[in-house]
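The values are calculated or read from the model by the stated rules, or taken from the named source; none is laboratory data. This is a predicted model, so every value here is computed, not measured. Ideal geometry is used to build each Cβ from the backbone, glycine not excepted, and the neighbour counts take in all protein chains shown. In case anyone asks, the SASA skips ligands and DNA or RNA and just uses the protein heavy atoms, side chains included. Shrake-Rupley method; radii C 1.70, N 1.55, O 1.52, S 1.80 Å.
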Amino acid sequence: MKAYQRDFIELAMKKQVLKFGEFTLKSGRKSPYFFNAGLFNTGRDLALVGRFYAQALKESAIECDVIFGPAYKGIPIATTTAVALAEHHDIDMPYCFNRKEAKDHGEGGTLVGSPLQGRVVVVDDVITAGTAIRESMEIIKQQKATLSGVLLCLDRQEKGKGEISAVQEVERDYGCKVYSIITMSDLITYLAEKEDMQQHLAAMKAYR
Ligand code: OMP
């Protein structure tokens, strides 16, 4: 595990973004952990989160012309990643996001920001079964842009619709790369190093 991944886990635990216990997921699965990215809820958190995404984007080697942040949670992620790329990597990356409801006055439409064209990287929080990600694919297709990759903070490495993982399904179905700051395996590696986390480690291993 890289130092920035460890730093990210520690920030997530400090902010209670990452919690251990009993949770029911969107898919109905019962999970011993939950990652609520909405609790990165201050300016400093968001600045740090942007740096983590920017770093992961560079490591992923995903080639992109624009960052797309799907409503709602993808919007601050796209914004802060674009700011971090400018401030820390000297890259002036266009970004855009969608509204959930089309606007029929003013500038109209459902997309806000730079045009959604060329190679797109979608930024989002978590992938479990891949449902949320598939909705973004439809928007990109409508704009005749190309999906280059998906960047997440956590890949839960869970089964998708079939036998392979949700991430593998997305990679197969859309011919793109999916990259995340951390995976469930990284969490297990991290917990294994902490003496006071052995109970959570056992639950995580059982769930995997
Ligand atoms: P899928 O659409 O099944 O891939 O699940 C992704 C969504 O599940 C996220 O966008 C969240 O709304 C939610 N989620 C989390 O935010 N954190 C988790 O640890 C697990 C889930 C989840 O419900 O699976």
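Observations on the structure shown:
- The angle between the Cα long axis of helix 131-142 and the main principal axis of the chain comes to about 20°, on a 0 to 90 degree scale.
- Compared with the direct C-alpha span, the chain from residue 47 to residue 26 gains 4.8 nm at full extension, assuming 0.36 nm per residue.
- Residues listed by number, segment 77-109, amide nitrogen under 19 Å from residue 117 label point at 7 Å toward C-beta: 92-98, 107-109
- Qualifying trypsin sites (Lys or Arg not before Pro) for segment 123-197 [loop in DSSP, other Cβ within 10 Å: at most 13]: 144, 161, 194
- Between residue 199 and residue 3, the distance separating the two model label sites (each 7 Å from Cα on the Cα→Cβ line) works out to 3.4 nm.
- The fraction of accessible area contributed by carbon and sulfur in the chain is 49 percent, rounded to a whole number (1.4 Å probe; ligands and nucleic acids excluded).
- Amide H contacts under 5 Å for residue 181: 152, 153, 154, restricted to partners 5 or more places along the chain or on a different chain, H placed in the peptide plane at 1.01 Å from N.
- Net charge dipole, segment 1-87: roughly 420 debye, given to the nearest 20, about the Cα centre with Cβ charges of +1 for Lys and Arg and -1 for Asp and Glu.
- Radius of gyration over Kirkwood radius for segment 61-193, both on Cα atoms: the Rg/Rh ratio is 0.99.
- Max mean-square fluctuation residue, GNM over the chain, Cα-Cα springs under 10 Å, options 131, 80, 42: 42
- Between residue 34 and residue 10, the modelled labels are 2.7 nm apart [label points 7 Å from Cα along Cα→Cβ].
- Where the chain is the region considered: accessible area per residue in Å², 1.4 Å probe: 51
- Taking label points 7 Å from Cα along the Cα-to-Cβ direction, residue 138 and residue 99 give a separation of 1.8 nm.
- Using only side-chain charges placed at the Cβ, +1 for Lys and Arg and -1 for Asp and Glu, the dipole size of segment 76-208 relative to its Cα centre rounds to 460 debye.
- Label point 7 Å beyond Cα of residue 59 along Cβ direction - residues of segment 171-186 with amide nitrogen under 15 Å: 178-186
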